[in-house]
1. Looking only at segment 89-101, how many residues end up being within 18 Å of V57 (Cα to Cα) and out of contact with any Pro (no Cβ under 8 Å at 6 or more places or on another chain)?
2. Picking from L123, L80, which residue would you name as being at pLDDT 95 or above and either within 16 Å of the ligand (Cβ to nearest atom) or under 15 Å from L31 (Cβ atoms) (or both)?
3. Mind checking which residues of segment 76-135 are among the charged types (D, E, K, R) and free of Cβ contacts under 8 Å to residues at least 40 places away in the same chain?
4. Please go through segment 13-54 and pick out each residue that is of a type in the set (D, E), more than 17 Å from the chain's Cα centre (by Cα) and exposed (fewer than 14 other Cβ atoms within 10 Å of the Cβ).
5. Going by the structure shown, is G146 without any contact (Cβ under 8 Å) to a residue 60 or more places away in the chain, away from the ligand (no atom under 16 Å from the Cβ), surrounded by fewer than 17 Cβ atoms within 10 Å (Cβ to Cβ) and of a type outside the set (D, E, K, R)?
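The values are calculated or read from the model by the stated rules, or taken from the named source; none is laboratory data. Here the structure is a predicted model, which is why all the values come from computation and not from measurement. Here Cβ is always computed from backbone atoms with ideal geometry, including for glycine, and neighbour counts include all displayed protein chains.
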Amino acid sequence: MSIEDFKATVEHAFSRFRMMNELHIIGGEPLLNDKLPDMLEWLHDSFGAYINQVIIVTNATILPSGRLMNALRETRFTLLLSDYTREIPELTNRFNQVIGLAKENHIPYGVTFHPFVDYGYDLEEHGSSFRSCVQKSPYLCHEIRGDKIFYCTQARINNEIRGYGYKEDGISLVTSTDEELESYIHGALFGHETCKRCRGADAIKYSCPMGRQMK
Ligand code: SF4
């Protein structure tokens with residue numbers, strides 16, 4: 001994502017929402033983006049007062065640059081390390097290096113573990129629902145890209161990348177009415193089409209192996 005697209009995305013979000021509890025910057029891998037320090041500084045200066053916590057999620061396979069360390073130290077944004085070392089032990093050295101750098105530089109950081117799970121999108125209806133997912137899953141969050149908000153990151157990813165054929169277009173932050181936006185986000189009509197074919201919170205029972213980078 002370019003810094004221009006990043007700014008536009010955040011501005012679109014704040015054109016409809018006054019405050020955010022948590023804003024997560026995810027990837028791919030955000031640390032691959034050379035402009036990340038500039039994005040964080042801009043975010044802090046422009047909207048930092050309206051966000052309770054900003055979290056940058058990394059797989060801890062890349063050493064943060066000096067510029068990124070400075071930006072994190074100054075903004076007090078949190079670096080959240082996804083710990084894949086339990087399943088891929090060869091990542092341990094680099095993971096510990098990133099933690100060491102965060103400690104040395106007094107960067108707020110946390111460690112999390114997300115198992116890889118199979119949401120079951122390639123199967124027929126599971127009868128999972130948006131509402132039960134929202135109640136049970138700590139990982140559910142909305143995704144904002146450009147001028148659109150999507151009710152669930154998984155649905156967008158599966159629709160866009162894995163191509164199981166589900167339609168998930170999100171809703172415009174520019175042209176939707178307040179009623180349409182609220183109805184979409186809260187799944188007021190008993191969830192969304194994708195949810196019917198998704199294991200939702202139950203996906204945690206269907207773990208699958210993590211991919212490995214061989215070189
Ligand atoms: S698509 Fe699946 S993970 Fe996303 S809200 Fe619906 S049930 Fe939950």
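1. Number of matching residues: 8.
2. Result of the check over L123, L80: L80.
3. Listed by number, the residues that qualify are R76, D83, R86, E90, R94, K103, E104.
4. Passing the criteria: D34, D45.
5. It is false that G146 is without any contact (Cβ under 8 Å) to a residue 60 or more places away in the chain, away from the ligand (no atom under 16 Å from the Cβ), surrounded by fewer than 17 Cβ atoms within 10 Å (Cβ to Cβ) and of a type outside the set (D, E, K, R).
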